[in-house]
Amino acid sequence: MSLAICLGVDTHERPPMRWARDHWHDWGRTEPGLLVVSDLLDLPRWLWHTAPEGRDAVLAALARTAEHDAGAVSVTTWLLVPGAVNLARQLADLSPDIDALVAGQLWLTVRAYRGDPPRRVAATLLARTRREVMADLGVGEAALRRDRIWASTVPMGTVPEAPDLETGPDPERELAELLEDAAQAGALTREDRALLLDVAREAARLDVPARRGRGGLMTPSVAELVAEDYAASARTVRRRAARAVAGLEAFRRSTQ
């Protein structure tokens, strides 16, 4: 089942979309910023061509509308379907039901959103959705925060183990084992272990040159992507990752 079908916004004739179109001008009387288009179906094209500040203003107005009309939640999720599909694709290896999981969490995230922060609204909503889906699946720092007792006894890994290959050792497995050894020895916290795995995953996905920023881990583009998942600034992610890498290096030297 596609993500849009799960959200009930796959066609303009589904009840949530019909309701939203019928009440678009009513919403606009309360939130004049929504009336940048006369027909709701023209909104995606308008958002595509407008500046980020304009997109954020419309999405924030929809968030305020959603406080008293859940139809605005459906409209917001409809606008975010392309980003949510991309998110589900990135997390596809975590669950066979990833479309349904992302759709459900996206709806809840949008429903709880109140326009804070008022900038980069779409990125914020998708990042929060990603973080909560991963936490539900036991992956990432949010999962650690949810159940620290479980996290302290069960090795976590955001990078799935690859099957044994005859071509040599698997670098992902070696990294996961090294980080687990460091965490068990107290050289890394479980949170830092999860962060380094997430950073390494994004660096590998972007194919960042290893010569950049401690094997590519400190590359700004990598930090920006991971920062969205952790609801933190890229600077904070780079600082925490640098500190964790220093601790990992010290642990490795001590065991050689």
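Measuring with a 1.4 angstrom probe and ignoring ligands and nucleic acids, His49 comes out at about 140 Å² accessible. Trp78 exposes around 40 Å² of accessible area when a 1.4 Å probe is run over every protein chain in place.
If you roll a 1.4 Å probe over the heavy atoms of the protein chains, what accessible area per residue do you get for the stretch 11-127, in Å²? Don't skip to the answer; put the middle values down first.
Details: 5940 Å² over 117 residues.
Heavy-atom accessible area per residue stands at 51 Å².
Ellipsoid semi-axes for the stretch 41-117, based on the Cα gyration tensor and the rule √(5λ), read 23, 16, 10 Å when sorted largest first. Under the simplified labelling scheme, the Ser95-Arg252 pair shows an inter-label distance of 3.4 nm, with each label point 7 Å from Cα along Cα→Cβ. The stretch between Asp181 and Arg243 holds 20.6 nm of extra length on full extension. This uses 0.36 nm per residue minus the Cα-Cα distance.
Tell me, in nm to one decimal, what length is gained between Ala112 and Thr30 on full extension, where the rule is 0.36 nm per residue of separation less the Cα-Cα distance?
Working: separation 82, 0.36 × 82 = 29.52 nm, distance 1.97 nm.
Net length gain for the segment: 27.5 nm.
By accessible area of protein heavy atoms, probe 1.4 Å, what ranking do Glu249, Glu180 get, highest first? If you can, show how the numbers build up before the last one.
Details: Glu249 80, Glu180 20 Å².
So, going from the largest accessible area down, we get Glu249, Glu180.
In terms of packing, defined here as the mean over residues of other Cβ atoms within 10 angstrom, the peptides 113-121, 125-133 line up highest first as 125-133, 113-121. Give the carbon-plus-sulfur fraction of the accessible surface of the stretch 1-149 in %, rounded to a whole number; probe 1.4 Å, heavy atoms of protein chains only. Summing carbon and sulfur atoms, their accessible area is 54 percent of the total for the stretch 1-149.
The values are calculated or read from the model by the stated rules, or taken from the named source; none is laboratory data. In this text the structure is predicted, and so the values were computed from the model without any measurement. Reconstructed Cβ throughout: ideal geometry from the backbone, glycine too, with neighbour counts over all protein chains shown. Side chains included, ligands, DNA and RNA excluded: accessible areas come from the protein's heavy atoms. Shrake-Rupley method; radii C 1.70, N 1.55, O 1.52, S 1.80 Å.
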